[in-house]
Structures are given as C-alpha cells and as structure tokens.
Amino acid sequence: MNIAKRKILQAASELFLEGGIAALSVRSIAKHAGVSTIGIYSHFQGKEGILDELYIQGFELVMQAMDFEQHDLSPKEVMRRGIRGYFAMAEAHEGHYRLIFGENDSRYTPSEEAKAVAEKAFGQLLKVTALLLPDDANMALKHKNALEIWAFVHGYVSLKHHAVASIFETPDWYVMAEDALCMHIDAILATHTHLNSE
C-alpha cells in the first residue's frame, strides 16, 4: 500500500474515533490526511471505499492477533495467547475496532468483499475455540463456544472503551478479562472432560 493510501486510512480511522461515521466526509478526511479530495477518489472511490478498507483491515488485524505458532501449547494457552493478541489489537487500533464491532450505522453497509473477510475472521476464531472441544464436537457446539468467547472479550473491550470505564477503579481491564475468561475456558474443558469420562 502506498504512502498516500496509508495516510488517508490513518486519517479516516482517527476521525472515526473522534466522531464516528458522522465525522467522515471526503473533505474532512482529505484535510486531515493532507491530500486532495481528488486523491481520495482516485485511491478509494470515495467515503464508502475508505470505510470498506478500514473494515477489511480491522478484521485482518483480528485474524493476525489469532495467527501464531500453536505447536506445543495447550488449548487453554492457545486461547490465552489469542485473547492477549485480540486485546492488543483493540487497544492499538481503536478506530478500526469501533468500526467493525458496532459503531457503524445505517450510513455504512459493508461490501460483500468486506463481509467475506469478517466471515473469514470468525472462521479463524472458530478454529481456535474448537481446540477446547472434543474432536467429534458438532458445528453447532463450535459456533456456540466461539460466539460466547467473542462476546466475552468484546464486552470487556467495549466497557474499557466506554466513558463509564472511568467511573470504576479497575487496575487493568484486560488482566481482569483474561482471568475471567480463563475461568470460562476451564468450565468448557471440565464439562467436556466430565462428559467424555461418563
């Protein structure tokens, strides 16, 4: 990706973080990035193209967070490492994160290409969370566990990003989240160990 495109996407991400989709206009993005409005159209065909690229990048960052060497790691440690990567991604790329997880609105609908990348990211999470389950677990159970874990980590990230977080004296949201999620993982592992022993 060339420097101009990177500058445009960085500017759009920063503006989105400041004011959501309402803050994104071709003119405001161009001004923030230090490029011409013509440059925006030549690189992205306008605001929709920029939003799609941010959306795709966001889910690619989610996939990268869960993409690491898993050999010699227990299923629980694989999940813990994935969770830490997810939290690091959410912290380092907050604008992207807010766009892909719920702070978009009716003014933006992801393209089919963008939706396909989101589905691919969920597929990667599904593969990682399936490690907690028996080999013969059905797809419905794998989906259920993946969604539970994703909802869990997303809930903590959203609370940390929310203004209400400043009310609570929480030393580290992500340490607290990892501890709580580990209890959930232990419960999943214990349930299936118990079922297999019956």
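No lab work stands behind these numbers, since they all come straight from the coordinates. As the structure is a computational prediction, the values presented were derived from the model and not from experiment. Reconstructed Cβ throughout: ideal geometry from the backbone, glycine too, with neighbour counts over all protein chains shown.
Assorted remarks:
- The long axis of helix 75-92 is offset from the longest Cα principal axis of the chain by roughly 20 degrees.
- Charge dipole (the chain, unit charges on Cβ, about Cα centre) - positive-most of VAL35, MET79, ALA22: VAL35
- ASP186-GLN64 FRET efficiency (beta carbon distance; Förster radius 30 Å; 0.05 resolution): 0.65
- When the GluC sites (Glu not before Pro) in region 20-106 are filtered for DSSP coil states and for at most 14 other beta-carbon atoms within 10 Å of their beta-carbon, the remaining sites are GLU69.
- Each residue of region 28-43 is assigned a 3J(HN,Hα), and the resulting list reads 5, 5, 4, 4, 5, 8, x, 10, 7, 5, 4, x, 4, 5, 6, 8 Hz, derived from the Karplus form 6.51 cos²θ - 1.76 cosθ + 1.60 (θ = phi - 60°), x at Gly and Pro.
- Cα long-axis angle, helix 112-129 against the chain (0 to 90 degrees, to the nearest 10): 20 degrees
- 3J(HN,Hα) along region 143-159, derived from phi through the Karplus expression 6.51 cos²θ - 1.76 cosθ + 1.60 where θ = phi - 60°, amounts to 4, 4, 5, 5, 5, 4, 5, 5, 4, 4, 5, 5, x, 5, 4, 5, 5 Hz, with x in place of Gly and Pro.
- Net charge dipole, the chain: roughly 740 debye, given to the nearest 20, about the Cα centre with Cβ charges of +1 for Lys and Arg and -1 for Asp and Glu.
- Non-local Lys pairs in region 1-119, i.e. 8 or more apart or on different chains, that have alpha carbons under 23 Å apart: 7
- Shown in residue order for region 46-51 are the 3J(HN,Hα) couplings computed by the Karplus curve 6.51 cos²θ - 1.76 cosθ + 1.60 at θ = phi - 60°: x, 4, 4, x, 5, 4 Hz (x for Gly and Pro).
- When shorter helices are ignored and each DSSP H run of at least 4 residues is given -39500 (n - 2.57), the per-residue value for the chain at 222 nm works out to -24000 deg cm²/dmol.
- Cα extents of the chain along the three principal axes, largest first (Å): 67, 39, 32
- Stretching ALA116 away from ALA92 to a fully extended chain increases their span by 6.3 nm, per 0.36 nm per residue minus the current alpha-carbon distance.
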